[in-house]
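**Student:** Encoded as structure tokens, here's the structure I'll be asking about.
The values are calculated or read from the model by the stated rules, or taken from the named source; none is laboratory data. Just so we're clear, the structure is a prediction, and the values are computed from it rather than from any experiment. Cβ atoms come from the backbone with ideal geometry, glycine included; neighbour counts cover every protein chain shown. SASA here: full protein model, heavy atoms, side chains in, ligands and nucleic acids out. Shrake-Rupley method; radii C 1.70, N 1.55, O 1.52, S 1.80 Å.
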Amino acid sequence: MTATVQRISALAVCLLAGIIAVCWHTETRAAAPRLPKPTATHPNQLETKIANSWDRKAAAAYLDQRAAWWMDWPKAARDHETFCVSCHTAVPYALSRPALRKALAEETPSANERRLLENVTKRVRLWKEVAPFYSDADRGVYKTVESRGTESVLNALILASNDAQHGQLSNDTRTALDNMWAEQQTIGNKKGAWSWLRFANEPWEADDSDYYGATLAAIAVGTAPGNYRARPEIQNNLKMLREYLNRECTAQTAINRVVLLWASAKVPGLLEPQQQKAIIKEVLDKQQSEGGWSLASMVGSWKRNDGTPQEAKSDGYATGLIAFVLQHVGIPQENPQLSLALAWLAANQNKTEGSWLAYSLNKNEAHHLTPSTALFMNDAATAYAVLALTNANQH
């Protein structure tokens, strides 16, 4: 009888343990992140896998070819034998090509890098006499001031990024930054920002793009070497910029807040830690199950001007930019969601073209001016994918 009781007691204990285990696993699944966790991999193994699964030479060839096309495109030509510095092709190229140069062990900048820097430097030196990208006379009211504000920020960003490679602020970059601060608005509800080109095109030339431009200005300031951001003569400008970015933050699209997050990594104190955490959480919550992000999900209710539906699939621009920014704000590479994003990028390069695919928020491919202009989003996508992946390989 005693043995029977003991067997029953033992069985009851086993059943109870099984019930507890089932409940514990159920609670764990319920509390787990929405995204599937990648298979546990040692960081070095992850870096090796990423490094071996994308083609740097093909990416460089694509970016070089597209930069050359843009610089020679008649519609990009401007005054004094210069060309327009575009947010979709020229700026991402200037930021990303040096990273590929290092990854490919190239000893000197490419011919297209030199040409782009010479173009920007020329326009900075001729700032008071060179015509703006667009004028009121040819493109409508406010286009002159919008062009000046936009270009001043882009010039400063490109030259500051170039100087950062050498650790010394050049005279031309200092002039570009002076030009930028001279264009900053000092009154009104846009105090602290810059007039920005508006052509009803998201994410770089729409009514909210002055915020995007202001974040780029902050990145330029934080990127400039020699502790430029601490200079006494710019502190009032920097204060106005910081106040504007914080004042208008909640009204922005998610993709604008992503670039704000990047700026906060460049300018300490731009955001409070809890603000950074809130934006990081917002961004991570929008990640798709396969590891990428869709730009369309980051711009609210924006509609294409050709009436076609937005593309909901993950794209190289949103995924590359977000992964790159998450790295800059200190998200560790072994973080499951960042690892998944980097794996998505490594797996989604078009190896034949060297590029990453992205989708216009404003029109589908069939409604673009030419097949070449339909690649604008791919240009930006490839540049930021390269920045995220090369940064991952360096760690």
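**Student:** Return the subset of K277/K313; K191/K239; K239/K266 for which the Cα-Cα distance in this structure is over 22 Å, preserving the input order.
**Tutor:** Long pairs (Cα-Cα over 22 Å): K277/K313.
**Student:** For the stretch 195-329, restrict the atom set to alpha-carbon positions and state the Rg and Dmax in Å.
**Tutor:** Values for the stretch 195-329 (Cα only, Rg and Dmax): 15.4, 50 Å.
**Student:** For the stretch 93-147, max minus min Cα coordinate along each principal axis, in Å, sorted largest first?
**Tutor:** Result, largest extent first: 47, 19, 13 Å.
**Student:** At 1.4 Å probe size, with every protein chain present, just tell me what the per residue accessible area of the stretch 196-314 comes to in Å².
**Tutor:** Ligands and nucleic acids excluded, the result is 41 Å² per residue.
**Student:** Around L326, with a cut-off of 15 angstrom between Cβ atoms, what is the net charge of the other residues, counting Lys and Arg +1 and Asp and Glu -1?
**Tutor:** +2
**Student:** Can you give the Rg and Dmax of the stretch 161-275 based on its C-alpha atoms, in angstrom?
**Tutor:** 13.8, 38
**Student:** Once amide H atoms are built 1.01 Å from N in the peptide plane, which residues 5 or more positions from S355, or in another chain, come under 5 Å H to H?
**Tutor:** N350
**Student:** Right, here's the next one. Can you list the residues, at least 5 places off or on another chain, whose amide H is less than 5 Å from the amide H of F83, using H built in the peptide plane?
**Tutor:** The list, which skips near neighbours in sequence, is R78.
**Student:** Something else about it: Taking the Cβ of A176 as the centre, find all other residues whose Cβ is under 12 Å away and add up their charges (Lys, Arg: +1; Asp, Glu: -1).
**Tutor:** In short, -1.
**Student:** Also: Is the stretch 241-395 rounded, prolate or oblate when judged by the Cα gyration tensor, a ≥ b ≥ c being the square roots of its eigenvalues, rounded requiring a/c under 1.5 and prolate requiring a/b larger than b/c?
**Tutor:** Judged from the Cα gyration tensor, the stretch 241-395 comes out oblate (a/c at least 1.5, b/c at or above a/b).
**Student:** Given springs between every Cα pair under 10 Å in a Gaussian network model of the chain, which of S294, S152, S135 has the largest fluctuation?
**Tutor:** S135
**Student:** Looking at the stretch 147-219, which chymotrypsin sites (Phe, Trp or Tyr not before Pro) are in a loop (DSSP not H, G, I, E or B) and have at most 16 other Cβ atoms within 10 Å?
**Tutor:** F199
**Student:** Taking θ as phi - 60°, what are the ³J(HN,Hα) couplings along the stretch 280-286 by the Karplus curve (6.51, -1.76, 1.60), each to the nearest whole Hz, with x for Gly and Pro?
**Tutor:** For the stretch 280-286, the Karplus-derived couplings read 4, 5, 4, 5, 4, 5, 8 Hz, x marking Gly and Pro.
**Student:** Residues of the stretch 353-386 with backbone nitrogen within less than 11 Å of a virtual label 7 Å along the Cα-to-Cβ line of K313, please, listed as ranges.
**Tutor:** Zone members listed by number: 357-359.
**Student:** Can you figure out the FRET efficiency of K351 with D79, using R₀ = 45 Å and their beta-carbon distance, to the nearest 0.05?
**Tutor:** The pair K351/D79 has a calculated efficiency of 0.65.
**Student:** Taking 0.36 nm per residue of sequence separation and subtracting the Cα-Cα distance, how much length would be gained by fully extending the chain between K281 and S372, in nm to one decimal?
**Tutor:** Stretched fully, the K281-S372 segment lengthens by 29.1 nm.
**Student:** How big is the gap, in Å, between the Cα center of the stretch 126-174 and the Cα center of the stretch 356-395?
**Tutor:** Here the answer is 23 Å between Cα centres.
**Student:** By the gyration tensor of its Cα atoms, with a ≥ b ≥ c the square roots of the eigenvalues, what is the shape of the stretch 337-395: rounded for a/c under 1.5, prolate for a/b over b/c, or oblate? Each step should come with its number before you reach the end.
**Tutor:** Values: a/c = 2.67, a/b = 2.29, b/c = 1.17.
It is prolate, given that a/c is not under 1.5 and a/b is the larger ratio.
**Student:** Please report, as a whole percent, how much of the solvent-accessible surface of the stretch 226-285 comes from carbon and sulfur atoms (probe radius 1.4 Å).
**Tutor:** The computed percentage sits at 51.
**Student:** In whole Hz, what ³J(HN,Hα) sequence does the stretch 256-265 give by Karplus (6.51, -1.76, 1.60; θ = phi - 60°), x for Gly and Pro?
**Tutor:** Result, rounded to whole Hz: 5, 6, 4, 5, 4, 4, 4, 4, 5, 6.
**Student:** Take the Cα of F199, step 7 Å along the line toward its Cβ, and report every residue of the stretch 51-89 whose backbone nitrogen sits under 19 Å from that point.
**Tutor:** 66-89
**Student:** Another question, if that's okay. Starting from 0.36 nm per residue, how many nanometres of slack lie between A68 and S301 once their C-alpha separation is accounted for?
**Tutor:** Length difference between fully extended and current span is 80.4 nm.
**Student:** List the GluC sites (Glu not before Pro) within the stretch 99-135 that fall in a DSSP loop (any state other than H, G, I, E or B) and whose Cβ has at most 16 other Cβ atoms within 10 Å.
**Tutor:** Within the stretch 99-135, the qualifying GluC sites (Glu not before Pro) (loop, at most 16 other Cβ atoms within 10 Å) are E106, E107, E129.
**Student:** With everything on Cα atoms, drop me the angle between helix 171-183 and the longest principal axis of the chain, reported from 0 to 90° to the nearest 10.
**Tutor:** The angle comes out near 90 degrees.
**Student:** Distances longer than 26 Å among the Cα atoms of the chain: what percent of all pairs is that?
**Tutor:** 55 percent
**Student:** Where does the stretch 288-331 land on Rg(C-alpha)/(2.2 N^0.38 Å)?
**Tutor:** 1.32
**Student:** Another question, if that's okay. Which residues does a label at N171 reach in the stretch 108-130, if reach means a backbone N under 13 Å from a point 7 Å past the Cα toward the Cβ?
**Tutor:** Answer for the stretch 108-130: 125.
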